[in-house]
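A short worksheet on the structure shown next.
The values are calculated or read from the model by the stated rules, or taken from the named source; none is laboratory data. Remember, predicted model here, so these are calculated numbers, not experimental data. Because the Cβ atoms are built from the backbone with ideal geometry, glycine has one as well, and the counts that use them run over all protein chains shown. Surface areas here come from the heavy atoms of the whole protein model, side chains and all, with no ligands, DNA or RNA. Shrake-Rupley method; radii C 1.70, N 1.55, O 1.52, S 1.80 Å.
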Amino acid sequence: MNVLILGSGGREHALAWKINQSHHCNQLYIAPGNPGIAQIGQIVEMGVNDFGAIKAFSINNKIDVLVVGPEEPLVNGIYDYMEKAKTENGWKGFVVGPSKEAAQLEGSKAFSKKFMQRYGIPTAAYAEFTQENFEEGIAYIKQHSLPIVLKADGLAAGKGVVISETHDDALKVFEEMIINRQFGKASAKVVIEEFLKGIEVSVFVLTNGHDYQVIGHAKDYKRIGEGDTGLNTGGMGCVTPVPFMDDLFMQKVEERIIAPTVNGLEKEGLVYNGFIFFGLMNVCGEPEVIEYNCRLGDPETEVILPRLDTDLLSLFAAMDNGTLEDANINFSDDYFATVVAVSGGYPGDYKKNIPIVGTENKLPPNSLLFHAGTKDVDGQMVTNGGRVLTITTKGNSIGEAVNQSVLLLKDIQFEGINYRKDIGYEFD
Ligand code: AMP
Ligand code: GLY
């Protein structure tokens, strides 16, 4: 199969690494990729939202599988666009991802909350507001228990969720979002919801909208500071498997959350051929949904794919040809951890183009380096983003895996480098 992966982060590096191992993989292209990915497949200079170029490339290069890494092209409708390329231009491949309508599970918080409500899927109680019922929103906030969770309805580059500890702060955030359009159109509508107290965990499923397979789970460490302090980031590290994800908890997740979600998609004719990322809260042993994403997570992918022993391209083929139900999913018996090195100042302002040394270091066989925000300038590796690179290690315990990743990161240097040494701390 000829494969085109869209994206340029650590998630896409891990996808390329995994797909490249498949004996079904013929040509592997990645657009726009990064220097780490360039060592695995062929880079194509094409933006992830440049649908016209993606279509032309897919037709000309006989792409069989188009794997969409980030959410934006999915929410913008790449699935539907490429479906048209099948009927109008004779493209013979398929897209791994949901249709535009189904991608609203991630693209609109209000859509996903209503969807969950229709199927009795456990999630925080909520209400939604726009400029029209702004005054009702103020009254709603004033009587709401603390803390209060406010969410911009649309995509806001991971910044659209605010947890307010006081009513005054919540009122300010509410006004900022709805009246001042802090996130543009994305915050014209705001979801206000109950705060769920518990431990977060992410579960990943591949579905064809009828059958599904759980392909992994992980715990993501979102805060910038050790001990889970400071600002939220895209993710500073991940571990898998998570000790509390035992059979009983997973059974609850499947019965109460995954199966009703897939059944709901099918019932409503929401076309879905891709990953669902269930962002869950374990509230005293009972799973609730915090959010749906219509893609894999980053850096979750950097641990779930190394743990997954099953061939990913075979799974994609099974998804496309209706045999997903019969697929065998196998996991490694080891623990996996990834520790992300970020630019100084991240998640606030940070500098780019800082020289990096050590990315060429030879790693032990149980560790992998994934590039996230890097760039090659005339043979010199430089930083090109907030999250710069991540090292994943396989070990006999979470602690062992994390410690080796941290040790290997010590040999990689760039001015301002920052990473958490305490990923997985609660499981030691
Ligand atoms: P999201 O952008 O939806 O992933 O939300 C960002 C983060 O906010 C989540 O990963 C949670 O840590 C937190 N969060 C969102 N909704 C809730 C909630 N209802 N209760 C507690 N924490 C939440
Ligand atoms: N690590 C969280 C995400 O990918 O959304």
Which residue is farthest from the chain's Cα centre (by Cα), if the candidates are limited to region 7-44 and must be among the hydroxyl-bearing types (Ser, Thr, Tyr) and assigned to a loop (DSSP other than H, G, I, E, B)? Ser22
Residue that is over 25 Å from Val96 (Cα atoms) and of a type in the set (D, E, K, R), where the choices are Glu200, Glu254: Glu200
Looking at region 115-135 only, could you name the residues that are surrounded by fewer than 17 Cβ atoms within 10 Å (Cβ to Cβ) and among the β-branched types (Val, Ile, Thr)? Thr130
Considering each of Gly52, Gly47 in turn, give the residue that is surrounded by fewer than 17 Cβ atoms within 10 Å (Cβ to Cβ), small (Gly, Ala, Ser) and part of a loop (DSSP other than H, G, I, E, B). Gly47
Looking only at region 14-23, how many residues end up being open to solvent by less than 10 Å² (accessible area, probe 1.4 Å) and within 22 Å of Asp220 (Cβ to Cβ)? 3
Which one is surrounded by the fewest Cβ atoms within 10 Å (Cβ to Cβ) among residues in region 183-207 that are in contact with a strand residue (DSSP E or B) (Cβ under 8 Å, 6 or more places away or on another chain) and free of Cβ contacts under 8 Å to residues at least 60 places away in the same chain? Phe183
Within region 1-56, the residues that are of a type in the set (Val, Ile, Thr) and in contact (Cβ under 8 Å) with a residue 60 or more places away in the chain are Val3, Ile5, Ile19, Ile37
Quick test of your reading of the structure: Phe277 fulfils all but one of (1) within 16 Å of ligand 2 (Cβ to nearest atom); (2) under 18 Å from Glu101 (Cα atoms); (3) more than 13 Å from the chain's Cα centre (by Cα). Name the failing condition by number. (3)
Identify, please: which residue in region 367-395 is among the small types (Gly, Ala, Ser) and touching a Ser or Thr at 6+ places or on another chain (Cβ under 8 Å) and is, among those, nearest to Asp309 (Cα to Cα)? Ser367
For the condition under 23 Å from the mean Cα position of the chain (by Cα), within 12 Å of ligand 1 (Cβ to nearest atom) and either under 26 Å from Val271 (Cα atoms) or modelled with pLDDT under 95 (or both), what is the one hit in Asn208, Asn232? Asn232
In this structure, does Tyr419 turn out to be within 13 Å of Gly237 (Cα to Cα), open to solvent by less than 50 Å² (accessible area, probe 1.4 Å) and touching a residue at least 40 places away in the same chain (Cβ under 8 Å)? yes
Within region 157-182, work out how many residues are within 16 Å of ligand 2 (Cβ to nearest atom), hydrophobic (A, V, I, L, M, F, W, C) and buried (at least 17 other Cβ atoms within 10 Å of the Cβ). 0
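Can you go through Phe129, Phe134 and tell me which one is more than 11 Å from ligand 1 (Cβ to nearest atom), touching a helix residue (DSSP H, G or I) at 6+ places or on another chain (Cβ under 8 Å) and closer than 25 Å to Leu105 by Cβ?
From the options Phe129, Phe134, the qualifying one is Phe129.
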In region 214-237, residue farthest from ligand 2 (Cβ to nearest atom) [restricted to those that are surrounded by 21 or more Cβ atoms within 10 Å (Cβ to Cβ) and assigned to a strand (DSSP E or B)]: Ile215
Which one is surrounded by the most Cβ atoms within 10 Å (Cβ to Cβ), of the residues in region 62-114 that are touching a residue at least 24 places away in the same chain (Cβ under 8 Å) and among the hydroxyl-bearing types (Ser, Thr, Tyr)? Tyr79
Test each condition in (1) surrounded by 13 or more Cβ atoms within 10 Å (Cβ to Cβ); (2) more than 26 Å from Asp298 (Cα to Cα); (3) away from ligand 1 (no atom under 12 Å from the Cβ); (4) free of Cβ contacts under 8 Å to residues at least 60 places away in the same chain for Pro147 and report the one that comes out false. (3)
Considering region 280-314 alone, what residues qualify as being among the small types (Gly, Ala, Ser) and within 16 Å of ligand 2 (Cβ to nearest atom)? Gly297
What tally of residues in region 353-379 results from selecting those that are over 18 Å from Val342 (Cα atoms), surrounded by fewer than 17 Cβ atoms within 10 Å (Cβ to Cβ) and of a type in the set (S, T, N, Q)? 2
So, in region 385-412, exactly how many residues are outside any helix (DSSP H, G or I), closer than 21 Å to Pro364 by Cβ and in contact with a Pro (Cβ under 9 Å, 6 or more places away or on another chain)? 4
From the list Asn321, Asn366, Asn361, which residue is over 18 Å from Leu409 (Cβ atoms) and more than 16 Å from ligand 2 (Cβ to nearest atom)? Asn321
